[in-house]
Amino acid sequence: MLSRIPRWVLIGSVVLAFSAGIVNCVALLGFVNHSVSHVTGSVSLFAEGVATGNLSRAGQTGLIVLFFFLGAVLSGFVIRHESLKMGRRYGAALAIESGLLFLATYLFYQHSFAGELAASMACGLQNALVATYSGSAIRTTHLTGIVSDLGAEIGYALRGSRFNKKQFQLQLGIFLGFLSGGVVGAWLFAAIAYSAFLVPATVVLLASGVYSLMHNRQIKII
């Protein structure tokens, strides 16, 4: 249970959620119209495609799920541990994610379905990169668990039971980060089309640089 949250964890989680909100919104508005930041809907569409014999839909959504999974595999290979802790190779993982998003930008402009896969892989990498902190799950690319945790905390408070203020602050920050990212993503897509992907790609690249600088110079943001 969270009793305190280092500022770098809170800021980093919100920034990454904001980036994921942009990525998912732009992917949904793009020529394929599929979500890339989570897999629940894609699995349902895959099942529907199998049931109805729509092999095109089943193939596309199955690949989106596969590449999200491969992104998580890559995250585990690079980070080597699920627990969030300063000193691990987050800078390298974020740099890879940024590269995938830059690649997705190019591929979407080519109207290549591979762009959807690159974006999905980036989200899978990010979601697995920020996995747990002090025993609490932290997910930055989808909101199902976040909304469930927020609701449970409010329920605890209404019953006069325990209320984990720090947990609530973190989850609310991630929710608002993803939501605002979606709003910005929709606005960017209307203004600059697939170049909108360059914003989260740059944000994640900057996050990689900031984290690496903090780690190398042993700078602590409490």
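No lab work stands behind these numbers, since they all come straight from the coordinates. Worth saying up front: this structure is predicted, and the values here are computed from it rather than measured. Methodologically, a virtual Cβ is constructed for each residue, glycine included, from the backbone with ideal geometry; neighbour enumeration extends over all protein chains shown.
Tell me the angle of helix 90-109 to the major Cα principal axis of the chain, expressed in degrees between 0 and 90 and rounded to the nearest ten.
Taking the Cα atoms of the chain, the angle to 90-109 is about 30 degrees.
Between helix 114-129 and the chain, what is the angle of the helix's C-alpha long axis to the longest principal axis, kept within 0 to 90° and rounded to the nearest 10?
The answer is roughly 20 degrees.
Restricting attention to the stretch 90-173, which trypsin sites (Lys or Arg not before Pro) occupy a DSSP loop and are surrounded by at most 15 other Cβ atoms within 10 Å?
Passing both the DSSP loop test and the Cβ count: Arg159, Arg162.
So how strong a dipole does the stretch 87-208 carry about its Cα centre when Lys and Arg Cβ are +1 and Asp and Glu Cβ are -1, to the nearest 20 debye?
Here the size comes out at about 480 debye.
Go through the stretch 53-64 residue by residue and turn each phi into a ³J(HN,Hα) via Karplus (6.51, -1.76, 1.60, θ = phi - 60°); whole Hz please, and just put x for glycine and proline.
Per-residue couplings from phi come out as x, 7, 5, 5, 5, 4, x, 5, 5, x, 5, 4 Hz.
On average, how much area does the Cα convex hull of the stretch 114-208 cover when viewed from any direction, in nm²?
The orientation-averaged projected area of the Cα hull of the stretch 114-208 comes to 7.2 nm².
Give me a comma-separated list of calculated 3J(HN,Hα) values for the stretch 15-27, in order, Karplus coefficients 6.51, -1.76, 1.60 applied at θ = phi - 60°, integers in Hz, x for any Gly or Pro.
Karplus-based 3J(HN,Hα) across the stretch 15-27 equals 4, 5, 5, 4, 4, 5, x, 5, 4, 5, 5, 5, 5 Hz.
Once label points are set 7 Å from the Cα along Cα→Cβ at both Arg159 and Ser180, what is their separation, rounded to one decimal in nm?
It works out to 3.3 nm between the two label points.
Sorted by mean Cβ packing within 10 Å, highest first, what order do the peptides 50-58, 17-25, 189-197, 88-96 take?
17-25, 88-96, 189-197, 50-58
Which value in nm describes the separation of the simple spin-label points at Val43 and Ser212, placed 7 Å from the Cα toward the beta carbon?
If labels sit at Val43 and Ser212, their model points lie 3.5 nm apart.
For the stretch 40-63 and the stretch 165-212, what is the separation of their Cα centres, given in Å?
Computed from Cα coordinates, the inter-centre distance equals 28 Å.
Place a point 7 Å from the Cα of Ala193 along the Cα-to-Cβ direction; which residues of the stretch 21-54 have their backbone N under 17 Å from it?
What the label zone holds, given the 17 Å backbone N cut-off, is 26-33.
Averaging the inverse of every distinct alpha carbon separation and then flipping it gives the Kirkwood radius. What is it for the stretch 142-195, in angstrom units? Show your work: numbers first, answer last.
Working: mean 1/r = 0.0791 Å⁻¹.
Result for the stretch 142-195 stands at 12.6 Å.
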